[in-house]
Amino acid sequence: MDYTAALISLGCSKNLADSEDLVTALKSVDFGLTNSLEEADLILINTCGFIEAAKQESIDHILEAAEGRKEEAKLFVAGCLTDRYLTELEEGFPEVDQWVTFKDYDGFPALIREHFPDVSEHRLRHDQRSQLTPPHYAFLKIAEGCDNTCNFCAIPLFRGKHISRPMDELIEQAALYRDRGVREINMISQHLDYYGKDLTGEYQLPELVRAVAAEAPDCWIRLHYCYPNDFSDELIAAMAETPNVLPYIDMPIQHASDRMLATMGRKTTRAHIEERLDAIRTAMPHATLRSTFIVGFPGEREEDFEELLDFMRIQKFDQVGCFSYSDEDGTTAAKMPEKIDPEVVAERHDRFMVQQQELHQQQLERWIGTTQTVLVDEQRDFDLFACRHPGQASEVDNCTLLEDNALEIGQWLTVEITDTNGYDLIGRVLSTDENSNSETASIDSATPPR
């Protein structure tokens, strides 16, 4: 019998990479995929449980799938929410046929056969691995879990300790993406620059970056989520010296006050962060810098917040995310005294964002008049395309807008940046030469203002 499955994948890119593994397992027992919940024999929801809004979204999808499925269909629920709240979920959602925890992932085909005993399992070739992103970019998940003990974060509680994937396996996956025509490989994990420490006792991300870039020389290689305390000189050199590794730094900093960094359980100081940023900018003068911050953490004083604002004015990040603190179950921060009044937290968030909007506009304007290689991401209207230059990551950053009626998704273009539009850039096409590559990935005529 031919069975079909419908997938709902929620949350971050790391969760999407897990969904690709789960869908590959479904294919190994001859399940096809469908976009229709009403027609699917199995509905698989890969949940997110990071913050309260994500938990509620996951629960809403569980309820909708249970209500909308056909009578004989099975409902499987996997992901962070499942691992984090398994006991409560089992009691509260009897309509779910199978809860899939992280330890079940390797044996996922066997779980499927428990509910569909007439399916047969067969080993898929490496090149049959599922890819759920658009064809022109892909995520390469290099590790699972995290060894950090940040007081606000619950991820280690349900994702576990950091476990690096073998380097040869990752290089093989990069080669698969290259052979499929992928244009951009995004290296991801909870703590990217910790890669290899658990395998050999040494940080191996610089070696891995060089190896992946060499295996896929015509692909952009983008690094996500490198912590300041482990951003080594060797990693900076590997990025600066490898032509197809983008000068894009995604570094979660969270705060700039030493007092708050210590309270948060961060293993760094403002002086060390600034030293690392200076080293990055010296080696890669045109680097694009992205970071995330938390305001309203327990014990944050007005002078701590003012120090954060001062830090932002000095460093002038290109892309910034700001989160208002909220308690997360099981974290050290949730038990801390000196909680900040929600109105004060909201007011600080607003002040942060008002300042950042002005700083962001300054950073955007430095691109005007430069020539950039961009990757065409999606068509938004008949003659409007959203593209990305090397300083713009998929899903999390702004884009470069082009008016044209003859572009192709996944195409590289040479463009001139002519203006800004809100948080986006506007460009005009100079060349559609498919030989455009990552060697033109830096800003050639504009240095980031300091």
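Its relative contact order, with pairs defined as Cα atoms under 8 Å and 6+ residues apart, puts segment 60-180 at 19 percent.
Loop-resident GluC sites (Glu not before Pro) (DSSP state other than H, G, I, E or B) in segment 74-157 with no more than 13 further Cβ atoms inside 10 Å of their Cβ: Glu95, Glu121. Take the Cβ atoms of Thr371 and Thr282, set R0 to 22 Å, and the FRET efficiency comes out at 0.40. At full extension, Asp218 and Asp147 could sit 22.2 nm farther apart than now, given 0.36 nm per residue minus the alpha carbon distance. Note on Asp118 and Ile409: with the Förster distance fixed at 45 Å, the Cβ-Cβ geometry gives a FRET efficiency of about 0.70. Taking label points 7 Å from Cα along the Cα-to-Cβ direction, His272 and Ala110 give a separation of 4.2 nm.
Estimated at 0.36 nm per residue, the fully extended path between Gln355 and Arg180 surpasses their Cα-Cα distance by 58.7 nm. Computed on segment 200-345, with alpha-carbon pairs under 8 angstrom and 6+ residues apart, the relative contact order is 21 percent. Which one, Gly369, Ala283, Pro298, projects farthest toward the positive side of the charge dipole computed for the chain from Cβ point charges (K/R +1, D/E -1)? Result: Ala283. Helical runs assigned H by DSSP (4 residues or longer) give the chain a calculated mean residue ellipticity at 222 nm of -10500 deg cm²/dmol, each run adding -39500 (n - 2.57) before division by the residue total. Sorting 378-388, 35-45 by average packing, meaning the other beta carbons within 10 Å per residue, from highest down gives 35-45, 378-388. Among the trypsin sites (Lys or Arg not before Pro) within segment 232-321, those in coil by DSSP and having at most 13 neighbouring Cβ atoms inside 10 Å are Arg301.
A value for semi-axes √(5λ) of the Cα gyration tensor in Å was derived from the coordinates, and within the list (i) 51, 26, 18; (ii) 35, 29, 22; (iii) 40, 35, 20 it appears as (ii). Beta bridges assigned by DSSP with both partners in the chain are antiparallel in approximately 35 percent of cases.
Looking at this model, which pairs from Lys141/Lys339; Lys103/Lys339; Lys161/Lys335 are more than 31 angstrom apart at the alpha-carbon? Over 31 Å Cα-Cα: Lys141/Lys339; Lys103/Lys339. Taking label positions 7 Å along the Cα-Cβ direction at both Gln362 and Thr432, the computed distance is 4.0 nm, reported to one decimal.
Subtracting the Cα-Cα distance of Arg313 and Thr200 from 0.36 nm times their residue separation leaves 36.7 nm of extension gain. Using C-alpha pairs below 8 Å separated by at least 6 residues, the relative contact order for segment 371-440 is 32 percent. Between Thr418 and Gln379, the C-beta separation translates, for a Förster distance of 30 Å, into a calculated FRET efficiency of about 0.90.
Rounded is the label for segment 371-440, because the ratio a/c of its alpha-carbon gyration tensor axes (a ≥ b ≥ c) stays below 1.5.
Every read-out reported here was derived from the displayed coordinates using simple, explicitly stated rules and does not represent laboratory data. Just so we're clear, the structure is a prediction, and the values are computed from it rather than from any experiment. Reconstructed Cβ throughout: ideal geometry from the backbone, glycine too, with neighbour counts over all protein chains shown.
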